[in-house]
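Beneath this line is the structure, given in structure tokens, with notes to follow.
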Amino acid sequence: MKPYPFDSSNHLLSDLDGFRVEIDEAKERADIVLHRPPFNIISMLQRDQFGAVFATPDRDPKVRVIVLRAEGENFSSGGKIAGFLEQTPEHVSELAINVAAPERCHKPVIAQVRGYCFGVGFELSLACDFRIASETAQFALPEMRIGMISGSGGSARLLHMIGIGRTKDMVMRAKRIPGHQAADWGFVTECVADAELEATVAALVDELRGFSPLAQRTIKGVLNSGNNVSVNGAIEIEGQAYGRLRSSEDFAEGVASFQDKRKPVFKGR
């Protein structure tokens, strides 16, 4: 992989704080890599940079899948607590906007997690589409221990994923949930042996690259929107998107390839 070529005129991205971005054009993959080991603590500036950092490869036609991962034995132990005390109430009340950057991406985003995944690190992973964890992973929203609550969407996303009972048990007690239990509860896609983590993520990247980019970004939008409305509303959103895709080149290619018994060649239009 090589460093991602950000536009030098974007001053927010000229000096990334605590992370880097890499691209592998052959695999159509961009990696956002937390690198403030051993705990990859996330600063306020880093949060502000996330929005622009995720949006850039999301617009790049050379990228099909984005992977969020970290250097070392831990994904992230959370945010820099001192940074909260330096910010205005207005600023900290909007922290969830930047942490939601993976969710706003049209392309699939995978979180590759080992070790500690706490606080804002956990919240950031919850905004991704897939969470692949190693057996060493531990997940927690520990803010209750310092007289605070999660403020970047963590408890809200968990509520939708695992229900109110498990969310209260986890958040109100600041419990650490190991990787296998997280997979059983459903907020982790898959939990694998630590030595298999990178290969499992790489295989998922290749699998996702095989689908139509247009259908992929369409269903991501449908599911994200449908998660916030009634069942009838979600069905309406799905139906409208289905109707639009019927006239796409990718759908025509998919039907033709099925009939010809060959692998489809999708172009994302």
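The values are calculated or read from the model by the stated rules, or taken from the named source; none is laboratory data. Just so it is clear, the structure is predicted and the values come from calculations on it, not from any experiment. Virtual Cβ from ideal backbone geometry, glycine too; neighbours counted across all protein chains shown.
Candidates in the stretch 47-63 are the residues that are closer than 21 Å to Val205 by Cβ and within 14 Å of the chain's Cα centre (by Cα); of these, the one that is modelled with the lowest pLDDT is Phe50.
When the strands (runs of 3 or more DSSP E) confined to the stretch 109-151 are screened for residues that are outside the structural domain of Lys175 (by TED's automatic domain parsing) and within 20 Å of Val33 (Cα to Cα), none reaches at least 1 such residues. The number of residues in the stretch 25-44 being out of contact with any Lys or Arg (no Cβ under 8 Å at 6 or more places or on another chain) and farther than 21 Å from Cys117 by Cβ comes to 1.
For every residue, the table says whether it meets (1) buried (at least 21 other Cβ atoms within 10 Å of the Cβ); (2) touching a Pro at 6+ places or on another chain (Cβ under 7 Å); (3) among the charged types (D, E, K, R).
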site: Glu22; (1), (2), (3): no, yes, yes
site: His35; (1), (2), (3): no, no, no
site: Ile41; (1), (2), (3): yes, no, no
site: Met44; (1), (2), (3): no, no, no
site: Arg47; (1), (2), (3): yes, no, yes
site: Pro61; (1), (2), (3): no, no, no
site: Val65; (1), (2), (3): yes, yes, no
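Looking only at the stretch 211-225, residues that are of a type outside the set (Val, Ile, Thr) and under 18 Å from the mean Cα position of the chain (by Cα) come to 8 in all. Scanning the stretch 20-44 for residues that are in a helix (DSSP H, G or I) and out of contact with any Leu (no Cβ under 9 Å at 6 or more places or on another chain) gives Glu25, Ala26, Lys27.
Residues that are touching a strand residue (DSSP E or B) at 6+ places or on another chain (Cβ under 6 Å), assigned to a loop (DSSP other than H, G, I, E, B) and of a type in the set (Ser, Thr, Tyr) do occur in the stretch 189-200, at least one of them.
Residue count for the stretch 197-228, restricted to those that are without any contact (Cβ under 8 Å) to a residue 40 or more places away in the chain, over 15 Å from Arg64 (Cβ atoms) and surrounded by fewer than 16 Cβ atoms within 10 Å (Cβ to Cβ): 4.
Condition test on Ala30, is it more than 24 Å from Arg176 (Cα to Cα), touching a strand residue (DSSP E or B) at 6+ places or on another chain (Cβ under 9 Å) and of a type in the set (Gly, Ala, Ser)? The answer is yes for Ala30. For the stretch 1-19, the tally of residues that are part of a strand (DSSP E or B) and under 19 Å from the mean Cα position of the chain (by Cα) stands at 1. Return yes when Ser230 is among the hydroxyl-bearing types (Ser, Thr, Tyr) and within 25 Å of Val63 (Cβ to Cβ) and no when it is not. In short, no.
Do we find a residue being crowded, with 16+ Cβ neighbours inside 10 Å, part of a helix (DSSP H, G or I) and acidic (Asp, Glu) anywhere in the stretch 234-249? Yes: one or more hits. For the stretch 165-188, does any single residue satisfy the condition of being part of a strand (DSSP E or B) and not β-branched (Val, Ile, Thr)? There is at least one residue in the stretch 165-188 that is part of a strand (DSSP E or B) and not β-branched (Val, Ile, Thr).
Taking interchain pairs and intrachain pairs at least six residues apart, which have beta carbon atoms under 8 angstrom, with the first residue in the stretch 79-105 and closer than 14 Å to Met148 by Cβ and in a loop (DSSP other than H, G, I, E, B) and the second at pLDDT 90 or above and among the aromatic types (Phe, Trp, Tyr)? Once the first residue is closer than 14 Å to Met148 by Cβ and in a loop (DSSP other than H, G, I, E, B) and sits in the stretch 79-105, no partner that is at pLDDT 90 or above and among the aromatic types (Phe, Trp, Tyr) comes close enough. Screening the stretch 136-179 for residues that are at pLDDT below 95 and of a type in the set (Val, Ile, Thr) and picking the one that is surrounded by the most Cβ atoms within 10 Å (Cβ to Cβ) gives Ile149.
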